[in-house]
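The values are calculated or read from the model by the stated rules, or taken from the named source; none is laboratory data. Being a predicted model, the structure only gives us computed values, none of them experimental. Cβ sites come from the backbone with ideal geometry, for glycine too, and all protein chains shown count toward neighbours.
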Amino acid sequence: MKTVLTICAVVLMTGTLAMATPVGPTVQVRQKDGIYQVEMISGSIGNYTQGDKFMTLCIETNERRNPKVALAEISTIAKLNGKDPHKGYDSILGGDPLGAEAAWIYTEFLAGNLSSYRNQDVQKAARFAEEEYTSISGKAKEVYDLAVAASPTGIGDVRVMNILHTYDHPHGKWQAGDPAQSFLVTVPEPATMTLLGLGGVMALIRRKRRAC
């Protein structure tokens, strides 16, 4: 009986520990070229898998980047530590919903269509679109005006990558698991991936027909 109880206790403890361990992709974010570069450490996000690197924009100003390997959560909402309603925080949603203009800016940035602008100006424009600044000027304002002129109606494949703190701040500013910073990433919709897959299949069929 004692043996059975011991085994049950171990199973329960193991289950509890497993449930407490965060599950999901992990990333490391470093500053590069005036903005940020994400390296996939484990798991996958969209088309990005372990070892892949991609450039991203930081869209919140009242959070602090976790420089260590961190768990990443994908959402349409930027989770905030500051919870500032003047910067787009929605208490019902628990964060700041990603806007169409910021998503458009990131999409165009990845496509290379904003290469004539400095990365810092592109990021500032995206932050302004997310109500992080009360005003911007110069080239950053030009980028933002381009986004407004494009009249985007949705966020497309762009999502918010919320990374979490993996350690407790020594001065109590945050605890492990708190949102560290919010970045942008593209996550193709399943339908898009299916179409891409079908495109590849059709290409193979056409090649085989030509070979015949």
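Summed over segment 140-172, the residues that are assigned to a loop (DSSP other than H, G, I, E, B), under 17 Å from the mean Cα position of the chain (by Cα) and under 30 Å from residue 68 (Cα atoms) give a count of 5.
Please go through segment 109-137 and give me each residue that is over 17 Å from residue 35 (Cβ atoms) and either loosely packed, with under 15 Cβ neighbours inside 10 Å or out of contact with any strand residue (DSSP E or B) (no Cβ under 8 Å at 6 or more places or on another chain) (or both), ordered by number. 134, 135, 137 - these are the residues of segment 109-137 that are over 17 Å from residue 35 (Cβ atoms) and either loosely packed, with under 15 Cβ neighbours inside 10 Å or out of contact with any strand residue (DSSP E or B) (no Cβ under 8 Å at 6 or more places or on another chain) (or both).
Picking from residues in segment 59-79 that are among the β-branched types (Val, Ile, Thr) and surrounded by fewer than 22 Cβ atoms within 10 Å (Cβ to Cβ), the one that is nearest to residue 125 (Cα to Cα) is 61.
Among the residues of segment 125-139, those identified as assigned to a helix (DSSP H, G or I) and either of a type in the set (Asp, Glu) or under 18 Å from residue 100 (Cβ atoms) (or both) are 125, 126, 127, 128, 129.
Quick one: in segment 157-212, of everything that is of a type in the set (Asp, Glu) and under 17 Å from residue 107 (Cβ atoms), which residue is modelled with the lowest pLDDT? Once the filter is applied, the top-ranked residue is 189. Is there a residue in segment 34-45 that is over 14 Å from residue 161 (Cβ atoms), modelled with pLDDT of 90 or more and not aromatic (Phe, Trp, Tyr)? Taking every residue of segment 34-45 in turn, at least one turns out to be over 14 Å from residue 161 (Cβ atoms), modelled with pLDDT of 90 or more and not aromatic (Phe, Trp, Tyr).
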